Each structure stands twice: as structure tokens, then as C-alpha cells.
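The values are calculated or read from the model by the stated rules, or taken from the named source; none is laboratory data. Since we're looking at a predicted model, the values are computed, not measured. We place every Cβ from the backbone using ideal geometry, glycine too, and count neighbours over all the protein chains shown. Heads up: the accessible areas ignore ligands, DNA and RNA and are worked out on the full protein's heavy atoms, side chains in. Shrake-Rupley method; radii C 1.70, N 1.55, O 1.52, S 1.80 Å.
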Amino acid sequence: MEYLKAAISLLSLIKETNNVLLSNIDKLAKSPNYMYFKTSDNNTKEVQMVSFSNEFVNIALEDTPQSQAFVMTDIATMDVKGKKLTYILYKGYHCEIEKGMVFYQVINKETFAPIESLQFSNIEENIFYQVITPEKEESSCNAMETDKEIKGGKSIVFFIGHMDEERLIYDIQRLIFDTANNVKKHNKLQFEFIINISRFGGTPSQHLIEQVKSIEEFTQNSIYQEYPNAKFKFEFEKEEN
């Protein structure tokens with residue numbers, strides 16, 4: 001469960017950082033580059049970046065050994081249909097997630113006033129934290145579109161399995177995180193994802209069943225709020241007689 005909890009925690013830090021900067025125009029005018037750390041004691045630490053570089057980030061991480069996550073900021077422009085848009089860029093990383101999350105907030109170039117809401121961009125490799133993963137090799141996972149008709153969307157089933165239950169539990173959470181983020185930009189489409197779980201070489205233990213149930217509850221209570229166009233269903237592969 002820690003993987004998905006970490007994802008929600010990182011999302012919260014990105015939103016919190018956006019609120020801090022939008023409420024303090026003088027801060028943005030002074031510098032576009034900051035790091036906001038979330039530490040193990042649940043405090044937030046702000047660092048103004050002398051240079052927007054990986055080298056500076058790594059030094060700041062060494063100076064903040066208790067950090068669990070951080071968001072770094074910048075101001076940039078992009079061309080959309082021939083029109084220049086100015087935006088605040090947010091790149092966030094968590095010590096328990098293998099992928100970083102990138103968001104942007106479009107702003108008025110002159111006043112720094114926000115235009116619309118915070119937007120998701122993409123996920124990318126987490127190159128800053130040494131994320132500890134289960135030692136076993138990754139679970140087997142294959143995807144297939146189902147025949148079920150979803151109005152304005154698709155129904156996809158993932159067949160995921162492993163002999164090691166702890167590795168399987170970890171990979172189920174990672175699959176939810178990657179999948180939900182992959183469809184987040186397609187917010188006009190609805191997706192139903194069926195996660196078909198197989199305990200290779202035996203039947204699922206009560207521990208695995210309970211963990212999957214907890215993941216399902218957390219997904220419904222927390223993940224759906226952030227990813228309203230992605231719904232997940234969980235089932236265990238039926239044994240052949």
C-alpha cells in the first residue's frame with residue numbers, strides 16, 4: 001500500500017507548492033526556481049535554487065537526508081497553435097516511487113495570475129532517489145482490450161502474476177500508478193481496467209487477498225479523486241479444474 005500512498009502524498013505536495021507560489025507573486029518575480037521538500041517528520045522545507053540543474057538537486061538532497069519527496073519549479077513558455085503560453089513547471093519525485101510526476105500551471109506572463117487550473121503533463125524516470133524495490137524479478141504482465149463497450153472509452157484487462165506474493169502486491173500498485181497517469185491527459189475518455197491477478201504455482205494466500213482488498217479500497221477512496229476517468233476492478237484468476 002505504501003506505493004500508492006506515496007503517489008498521493010507527492011500529488012499533494014505538487015498542489016501545495018502551486019498554491020504557495022500563486023499566492024506569492026513577489027516570490028515568483030524574485031526567482032522561478034525553488035525546491036520544496038517533504039521530510040520524514042511531515043514538515044515542508046523550501047530551498048531557492050542557485051541553478052536549475054541536476055547537480056544542484058543532488059547537493060540539496062544530500063543536505064536534506066530526511067527528505068521523502070520534493071518538487072522543483074521553473075517558469076517556461078510553450079507554443080500552442082502559434083500562441084506563446086507562459087507556465088510554471090513542477091517536477092516532483094518521491095523516495096518510494098520509480099517515476100517522477102510533471103505538472104504545469106499556465107500563468108499570465110505579466111501579472112503571474114493563474115489561467116485555468118494545474119495541469120498534468122507526464123511521468124518520467126526518478127533519477128534522484130534510490131528507490132528500494134523487491135529483489136525478485138518483476139511480475140509477468142500483459143494487457144488486452146476486452147469486447148465490453150464503454151461509452152466514450154475502453155475496457156482493458158491486465159493479466160498480472162508472480163510466484164512471490166510481496167513482489168506481486170508491489171507490482172499491482174505500480175501498475176495502477178502507471179496506468180492511471182498514462183490516461184490522465186485523456187480526460188474526455190473513460191477507462192475501465194480489470195486487473196486479473198494470478199498467484200503462480202499455487203492459490204492466493206489470505207494475506208494476498210487482504211492486501212488486494214486494501215488496494216481496491218484505497219484506489220476507490222483516494223485514487224479516483226485524482227484520476228476520475230480511470231476505474232479499476234480486481235479479480236483473481238480462476239483455477240482450472
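Residue-by-condition table, conditions (1) at pLDDT 95 or above; (2) hydrophobic (A, V, I, L, M, F, W, C):
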position: GLU2; (1), (2): no, no
position: SER40; (1), (2): no, no
position: LEU61; (1), (2): yes, yes
position: PRO65; (1), (2): no, no
position: MET72; (1), (2): yes, yes
position: LEU85; (1), (2): no, yes
position: TYR93; (1), (2): yes, no
position: TYR104; (1), (2): yes, no
position: THR111; (1), (2): no, no
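Where strands (runs of 3 or more DSSP E) fall wholly inside region 98-182, the ranges with 2 or more residues that are without any contact (Cβ under 8 Å) to a residue 40 or more places away in the chain and open to solvent by less than 40 Å² (accessible area, probe 1.4 Å) are 99-107, 153-162. Beta carbons closer than 6 Å, at least 6 apart along the sequence or on distinct chains, pair a first residue in region 19-45 that is assigned to a loop (DSSP other than H, G, I, E, B) with a second that is surrounded by 15 or more Cβ atoms within 10 Å (Cβ to Cβ) for PRO32/ASP74; PRO32/ILE75; ASN33/MET49; ASN33/PHE52; ASN33/ASP74; SER40/GLN68. When region 74-83 is examined, which residues are found to be out of contact with any Ser or Thr (no Cβ under 9 Å at 6 or more places or on another chain), part of a strand (DSSP E or B), of a type outside the set (Val, Ile, Thr) and at pLDDT below 90? ASP79, LYS83 - these are the residues of region 74-83 that are out of contact with any Ser or Thr (no Cβ under 9 Å at 6 or more places or on another chain), part of a strand (DSSP E or B), of a type outside the set (Val, Ile, Thr) and at pLDDT below 90.
Kindly indicate whether LYS99 is basic (Lys, Arg) and modelled with pLDDT of 95 or more. So LYS99 fits the description; yes. For region 47-70, the tally of residues that are in contact (Cβ under 8 Å) with a residue 12 or more places away in the chain and surrounded by 14 or more Cβ atoms within 10 Å (Cβ to Cβ) stands at 11. Selection of region 221-240 for residues being farther than 14 Å from ILE160 by Cα and free of Cβ contacts under 8 Å to residues at least 12 places away in the same chain yields ASN221, TYR224, GLN225, GLU240.
Just one of THR73, THR17, THR86, THR44 is in contact with a Pro (Cβ under 7 Å, 6 or more places away or on another chain), under 23 Å from GLN119 (Cβ atoms) and either surrounded by 14 or more Cβ atoms within 10 Å (Cβ to Cβ) or among the aliphatic types (A, V, I, L, M) (or both); which is it? Outline the logic, then answer.
Details: THR17 fails: in contact with a Pro (Cβ under 7 Å, 6 or more places away or on another chain); THR86 fails: in contact with a Pro (Cβ under 7 Å, 6 or more places away or on another chain); THR44 fails: in contact with a Pro (Cβ under 7 Å, 6 or more places away or on another chain).
That would be THR73, the only listed residue that is in contact with a Pro (Cβ under 7 Å, 6 or more places away or on another chain), under 23 Å from GLN119 (Cβ atoms) and either surrounded by 14 or more Cβ atoms within 10 Å (Cβ to Cβ) or among the aliphatic types (A, V, I, L, M) (or both).
Within region 20-41, the set of residues being more than 21 Å from PHE112 (Cβ to Cβ) and acidic (Asp, Glu) comprises ASP41 only.
When TYR90 is tested against (1) more than 21 Å from PHE177 (Cβ to Cβ); (2) of a type in the set (Phe, Trp, Tyr); (3) in contact with a helix residue (DSSP H, G or I) (Cβ under 8 Å, 6 or more places away or on another chain), just one condition goes unmet, and that condition is (1). Taking region 188-227 as the range and being of a type in the set (Val, Ile, Thr), open to solvent by 50 Å² or more (accessible area, probe 1.4 Å) and modelled with pLDDT of 95 or more as the test, only ILE209 passes.
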